[in-house]
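Only one structure is covered here, and it is reproduced in the block below.
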Amino acid sequence: MSLRLHPDTVSTSTEDGTVLLNKRTGHYWQVNLTGAHILDRLLAGDTADDIATDIAAHYDIDTTHVRADITALTDNLLGARLVEPA
């Protein structure tokens, strides 16, 4: 699923990843560098499956586990109204 930032959300990069803030709800999240990389790719229109495949190959880990982590991240960010489907 491609994502975009919720209209009320602002983000900023840090040396540790990315911080997202929904100005209306006050919900904010900090994601680590890997989470920031995943979010950047989802915002750019990449699929979760492609991202999972690339990360799994890079770190020599199971794609299924990475895909589950991407799904959890996406679900949490959607639930906090920090992002929305593009």
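How many residues are outside any strand (DSSP E or B), of a type outside the set (Val, Ile, Thr) and more than 15 Å from Thr74 (Cα to Cα) when one looks only at the range 1-25?
Number of matching residues: 6.
Here are the criteria: (1) of a type in the set (Ser, Thr, Tyr); (2) touching a strand residue (DSSP E or B) at 6+ places or on another chain (Cβ under 8 Å); (3) part of a helix (DSSP H, G or I). Tell me which single one Thr64 does not satisfy.
It fails just one condition, (2).
Considering only residues that are part of a helix (DSSP H, G or I) and surrounded by 17 or more Cβ atoms within 10 Å (Cβ to Cβ), which ones fall in the range 26-47?
Of everything in the range 26-47, those that are part of a helix (DSSP H, G or I) and surrounded by 17 or more Cβ atoms within 10 Å (Cβ to Cβ) turn out to be Gly35, Ala36, Ile38, Leu39, Arg41, Leu42.
Of the conditions (1) exposed (fewer than 15 other Cβ atoms within 10 Å of the Cβ); (2) closer than 16 Å to Val83 by Cβ; (3) out of contact with any helix residue (DSSP H, G or I) (no Cβ under 7 Å at 6 or more places or on another chain), Asp50 fails just one. Which one is it?
Among (1) exposed (fewer than 15 other Cβ atoms within 10 Å of the Cβ); (2) closer than 16 Å to Val83 by Cβ; (3) out of contact with any helix residue (DSSP H, G or I) (no Cβ under 7 Å at 6 or more places or on another chain), Asp50 violates only (2).
Here is a list: Leu82, Leu78, Leu21, Leu33. Which entry is over 11 Å from Met1 (Cα atoms) and out of contact with any strand residue (DSSP E or B) (no Cβ under 6 Å at 6 or more places or on another chain)?
Just one listed residue meets the conditions, Leu78.
Being exposed (fewer than 12 other Cβ atoms within 10 Å of the Cβ) and either more than 17 Å from Arg81 (Cα to Cα) or of a type in the set (Gly, Ala, Ser) (or both) is the filter here; which residues of the range 1-13 pass it?
Within the range 1-13, Ser13 is the sole residue that qualifies.
Step by step: first the residues of the range 53-81, then only those that are exposed (fewer than 14 other Cβ atoms within 10 Å of the Cβ), over 11 Å from the mean Cα position of the chain (by Cα) and not small (Gly, Ala, Ser), then the one that is nearest to Tyr28 (Cα to Cα). Which residue is that?
This residue is His65.
Values in this text are rule-based calculations from the coordinates and carry no lab data. Everything numeric in this text was worked out from a predicted model, so none of it was measured. A quick note on method: Cβ atoms are made from the backbone with ideal geometry, for glycine too, and the neighbour counts reach across all protein chains shown.
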